[in-house]
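The values are calculated or read from the model by the stated rules, or taken from the named source; none is laboratory data. Everything quoted here is computed from the prediction, not taken from an experiment. Here the Cβ positions follow ideal geometry from the backbone for every residue, glycine too, while neighbour counts run over all protein chains shown. Heads up: the accessible areas ignore ligands, DNA and RNA and are worked out on the full protein's heavy atoms, side chains in. Shrake-Rupley method; radii C 1.70, N 1.55, O 1.52, S 1.80 Å.
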Amino acid sequence: MAYSLTQIRTFVNGALCGKESAERVVRHLLIDSRKISHADSSLFFALKGERNDGHRYIPELYDKGVRSFIISDALSDLSRFPEAIFIQVPDTLRALQQLCSAHRKRFNYPVLAITGSNGKTIVKEWLFQLLREDYTIVRSPRSFNSQVGVPLSVWDMGEENTLAIFEAGISHHSEMEKLEEVIQPTLGLISNLGDAHSENFSGLEDKVNEKLNLFAHCGLVFYCKDYLVIHDAVGKHPGLKQTRVFSWSRKSRADLQVGKMTRENGETEIQGIFNNDFIRIRIPFTDEASIENAIHCWSVMLYLGIPNEEISKRFKYLSPVAMRLELKEGVNHCSVINDSYNSDLGSLSVALDFLNQQKQHPGRTLVLSDILQSGKDENKLYAEVADLIHKKGVTRLIGIGEAISRNKDLFHLKKSFYRDTHSFLQEYNPELFHNESILLKGARAFSFEEISKVLQQKAHETVLEINLNSLVHNYNYFRSKLRGDTKVMAMVKAFSYGSGSFEIANALQFHRIDYLAVAYADEGIELRKGGITMPIMVMNPEVQSYDSMVQYNLEPEIFSFKVLSLFDEAVKRYPSKDGKPFLVHLKLDTGMHRLGFEDHELNELIVRIKNNKQIKVKSVFSHLAASDENEHDEFTRSQIRKFMEMSDKLKPHFPEPFLRHILNSAGIIRFPDAQFEMVRLGIGMYGVAFDEKEQEKLQHVSTLKTTISQIKHIKAGDTVGYSRKGKAERDMTIATVPIGYADGLSRKLGNGKGKMMVHGRPAHVVGNVCMDMCMIDITGIQANEGDEVIVFGKEYPIIEVARDLNTIPYEVLTNVSRRVKRVYYQE
């Protein structure tokens, strides 16, 4: 969607300044100077906050190519920006909301607005999962539910969409009316009512009435009658007199009457009555929050007319929603989970669940600050906290803050308390922590980032950041291309393509992927020791590893009779404790000619397998040689046909059906008819696609970044680096950065071949790449020592790095040294 600046000026009632044409077209809105992607078609809003003022970044943005701005302060020297157009308004935030409100009016499809204290993001994301087969959905990215986030979400509405789902959150009076003007919802849902931001309201009634202002012009509102404050407010709110309701309840009559719930084997069956019909769903969760969120989604789907038979099928494949968390390696073999964004009961519960997902350590320590802005009596609040951490299995508590310290007697576990963060740091000793998972949960005012620094494993300033949200997004993208019953095997070989070992596997295990695949047994053993319990296939089993594979319940790929014989011997030495046969995966050679049984060997293979009662075939698979290349499509199809023929020969000879899989990441997209029972997802999950069109649908997972150690100004004719390979043709400014070939930066990128990004601008490598560092040309770039440098990431995609190296992205990713610290993010 595009608008001219003349149109935008009308929408926001602003005054045009500048000499350039106001017919310039805007397609993208920008509020963060660090996140430019389409400079020429972006409109920057110079927002003002308590600690920042967007006007100060206008020169930087102009230098980066942005030419359209909305400002509230007059600029002293417009001649500095000869090609720019400015629209001056009294309030840039209000202008952002007005523009997106005007944009919203262009569309007539249903718009669902979700508010409440907890669960907004999960309900939104689950509705997206559940309804994407019926609607083309635009939704809030992550938890964009603020005065800024909501308009940015609404801006994403397009003609291609048929349903919009947006979150809306408030912390003060009069905020919701502004969001209602932007969203203009036709449907509304209020999830629940909690304690967050309660200090700005006189009570729960006041708070719920403010939230219900979001639905002043809605046709229908969904809610749970069991929240009596919400139920009463819905009936009395003056703006909802003409609004219909869809209610659900476990206690009284409602549109959806929820009945018996049965929890077993990690699942919950929920029974209900709707339109006098007895209905039920089963969800892969057992916690109360997930059950409540699922019933909200159930209500919406029933109202939209989706048959409950179909609803029930979809709920079975419901996936968890990622949280905003950061996982790093800590001192003394610890893992540090940093969740210092906020501190309230609801988010604490979520963070503790994530803490419990970390299976690699026996101990679980919670470092918790005072919980601010709860609106609760202090004693009652910390009694609830004590109960919560007891139920979540925390083994040690470190409380930081005067309030939590005053209530220390409520906590019955190993504990210590400090008045503030400074007091804790004064007494800090690394020996306090050993082989445990540590959750940092603190309000921003407590500066827990200082605690995070001392708990992290010391390393140099080069890190590989892995965005687990992007990993999950990519997984879900590929998942959306599959039938509901198709299983997914995730490739985590080669240190998860350089992204880490159990951290990636742990995230995938949490998101209920079906299988993992590693290259060698030691990788699988490392995962088992890190708490990974899901099935793991070993693709290259070595002779010396067979005994360990049996002991650690790893499933080998069997690709030759030699391998089969050696594994036979191993299972005889270590017979199954429960009497069940060991699972194996048979590799068939359909044309790759690397590993695998050929067609003429199948009869002998059948006899050998049938004669060994301790072995059971779990899957049969093959490997496509060129699924990502159009020119070899006929060969790929011939491989698929041959795979079907060979696996059909095997089928009748085994009593239990086995899984079949041949598709890799590219194959999932290009040959969907060959899904069989399972697919193997590899490089695509890590954000690398087989072509540019497909790349647009994936998110970047890995960002390799470093910092500037030193800046030097050198004269023309000077040389830089070993062998004096870098010669200055002019006066230059160079920056030394702590990354070299020992970190995985190829020496082929030296002498101007490679580049890095500094403040969004390319800085080419000068001279030879050293073992631990290299030099880059930052002439003309405003930079300081300590500034961030992107080696590869969204600004400089790994595909481009591979192209510069004349290699493939696999090699670039897997070459990143293990000495480079991995940092994991999850929203």
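General remarks:
- Considering only residues in the range 43-74 that are free of Cβ contacts under 8 Å to residues at least 24 places away in the same chain, charged (D, E, K, R) and in a helix (DSSP H, G or I), the one that is farthest from residue 1 (Cα to Cα) turns out to be 56.
- Selection from the range 130-154 of residues that are over 22 Å from residue 479 (Cβ atoms) and not polar (S, T, N, Q): 144, 148, 149, 150, 151, 152, 154
- Members of the range 75-88 found to be touching a residue at least 12 places away in the same chain (Cβ under 8 Å), surrounded by fewer than 21 Cβ atoms within 10 Å (Cβ to Cβ) and not in a strand (DSSP E or B), listed by number: 75, 78, 80, 82, 83
- Subset of the range 218-259 (residues that are farther than 23 Å from residue 171 by Cβ, open to solvent by 50 Å² or more (accessible area, probe 1.4 Å), without any contact (Cβ under 8 Å) to a residue 40 or more places away in the chain and assigned to a loop (DSSP other than H, G, I, E, B)): 241, 242, 250, 251, 253
- The residue that is farthest from residue 623 (Cα to Cα), among those in the range 562-583 that are at pLDDT 90 or above and in contact with a helix residue (DSSP H, G or I) (Cβ under 7 Å, 6 or more places away or on another chain), is 582.
- Qualifying residue in the range 774-796 (condition: more than 25 Å from residue 60 (Cα to Cα) and out of contact with any His (no Cβ under 9 Å at 6 or more places or on another chain)): yes
- Any hit, the range 423-433, residues being open to solvent by less than 20 Å² (accessible area, probe 1.4 Å), assigned to a loop (DSSP other than H, G, I, E, B) and free of Cβ contacts under 8 Å to residues at least 60 places away in the same chain: no
- Among the residues listed as 377, 409, 370, the single one being in contact with an Asp or Glu (Cβ under 8 Å, 6 or more places away or on another chain), on the phi < 0 side of the Ramachandran plot and among the charged types (D, E, K, R): 370
- If the condition is being touching a helix residue (DSSP H, G or I) at 6+ places or on another chain (Cβ under 6 Å), open to solvent by 10 Å² or more (accessible area, probe 1.4 Å) and of a type in the set (A, V, I, L, M), then the range 274-296 contributes only 279.
- If you go through the range 107-127 and keep only what is touching a strand residue (DSSP E or B) at 6+ places or on another chain (Cβ under 6 Å) and surrounded by 18 or more Cβ atoms within 10 Å (Cβ to Cβ), you end up with 111, 112, 113, 114, 115, 116, 120, 123, 124, 127.
- Where helices (runs of 4 or more DSSP H) sit wholly within the range 90-195, those with at least 1 residues that are of a type in the set (A, V, I, L, M), at pLDDT 95 or above and over 28 Å from the mean Cα position of the chain (by Cα) occupy 92-104.
- A single entry from 378, 436, 384, 427 fulfils the requirement of being modelled with pLDDT of 85 or more and under 15 Å from residue 348 (Cα atoms): 384.
- In the condition set (1) more than 23 Å from residue 530 (Cβ to Cβ); (2) at pLDDT below 90; (3) hydroxyl-bearing (Ser, Thr, Tyr); (4) touching a Leu at 6+ places or on another chain (Cβ under 9 Å), residue 416 is compliant with all but (2).
- Of all residues in the range 330-348, those that are closer than 16 Å to residue 117 by Cα and open to solvent by less than 30 Å² (accessible area, probe 1.4 Å) have Cβ atoms under 6 Å from Cβ atoms of residues that are in a strand (DSSP E or B) and modelled with pLDDT of 80 or more, 6 or more apart or on another chain, in 343/369; 343/441; 348/441.
- Counted residues, the range 297-306 - those being open to solvent by 30 Å² or more (accessible area, probe 1.4 Å) and in contact with a strand residue (DSSP E or B) (Cβ under 8 Å, 6 or more places away or on another chain): 1
- Residue check, residue 141 more than 25 Å from residue 207 (Cβ to Cβ) and free of Cβ contacts under 8 Å to residues at least 24 places away in the same chain: yes
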